[in-house]
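Below is one structure, written out as structure tokens; the observations come after it.
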Amino acid sequence: IVLVLKEIVLVHGRIGYRRVSWVVCYYFYKNIILVFTEIYFVYFNGWSGQIYFAEWLPALYNSLWTSLTCLFAFAFEQDVHFSDLVYSHTKIYKAGQKNKYFNIFIFWKWVLLALLHGLVIFWMCKSLEGPIDHSGKTTDHWYISSVAFTCVIYLVTWKLILETINLNLIYMAVVAISLIS
């Protein structure tokens, strides 16, 4: 029984460490992108108090569009199969001791990437603004902010897919449902 407990602690401890490290970095990443897209708008809007996204969009961002995909990604994620996690492969257990998956450099890399991605989304959508078109209309603020919000959702979802090692049918179905909704 000691051998089984030792194996459970080692196997699930290592996989748990990797998952928790990824969860922390990714949750900061996806929320920083959303918030800083709005902050960039505030700066270029002259601190007027105008909101960038409709009130209900950020309220549903975590609960409806991004958390379900995260939950399924983190639940099924494993970089090494359980059968490969045996005592003869002790190198894979050193990752926790060496802070391979979570350290200050990795955390700030995710934060800086989120700041950059938020800036790119803001400027891409700001470029949609233009002069009066041939029918006499200008591009509406809510149209541009809705496009920016959609870009944020798609970007954080695709980033999650790129970071996922173990893609499966259930996870991809949840991603498709999230993106379609």
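Some observations on this one:
- Flag if residue 65 is at pLDDT 85 or above, in a helix (DSSP H, G or I), open to solvent by 20 Å² or more (accessible area, probe 1.4 Å) and out of contact with any His (no Cβ under 7 Å at 6 or more places or on another chain): yes
- Picking from residues in region 143-160 that are of a type in the set (Phe, Trp, Tyr) and over 12 Å from the mean Cα position of the chain (by Cα), the one that is most open to solvent (accessible area, probe 1.4 Å) is 143.
- Close pairs (6 angstrom Cβ cut-off, 6 or more residues apart or separate chains): within 17 Å of residue 171 (Cα to Cα) in region 43-71, among the charged types (D, E, K, R) and open to solvent by less than 70 Å² (accessible area, probe 1.4 Å) anywhere: 66/30
- Residue check for residue 43: at pLDDT 85 or above and either in a helix (DSSP H, G or I) or not hydrophobic (A, V, I, L, M, F, W, C) (or both): yes
- Which listed residue is of a type in the set (Asp, Glu) and touching a helix residue (DSSP H, G or I) at 6+ places or on another chain (Cβ under 7 Å), from 7, 77, 55: 77
- Number of residues in region 161-177 that are open to solvent by 50 Å² or more (accessible area, probe 1.4 Å), within 12 Å of the chain's Cα centre (by Cα) and in contact (Cβ under 8 Å) with a residue 12 or more places away in the chain: the value is 1.
- Annotation note: Cβ proximity below 9 Å between a residue of region 96-116 that is in contact (Cβ under 8 Å) with a residue 24 or more places away in the chain and outside any helix (DSSP H, G or I) and a residue that is hydroxyl-bearing (Ser, Thr, Tyr) and open to solvent by 40 Å² or more (accessible area, probe 1.4 Å) (sequence gap 6+ or interchain) occurs for 101/17; 102/17.
- Inter-residue pairs, beta-carbon under 8 Å, first within 24 Å of residue 114 (Cβ to Cβ) and without any contact (Cβ under 8 Å) to a residue 24 or more places away in the chain and in region 133-156, second part of a helix (DSSP H, G or I) and open to solvent by less than 70 Å² (accessible area, probe 1.4 Å), 6+ apart: 144/125; 144/126; 147/125
- Among the residues of region 121-142, at least one is open to solvent by less than 90 Å² (accessible area, probe 1.4 Å), modelled with pLDDT under 90 and part of a helix (DSSP H, G or I).
The values are calculated or read from the model by the stated rules, or taken from the named source; none is laboratory data. Since the structure is predicted, the reported quantities are computational estimates derived from the model, not experimental observations. Virtual Cβ from ideal backbone geometry, glycine too; neighbours counted across all protein chains shown. Side chains included, ligands, DNA and RNA excluded: accessible areas come from the protein's heavy atoms. Shrake-Rupley method; radii C 1.70, N 1.55, O 1.52, S 1.80 Å.
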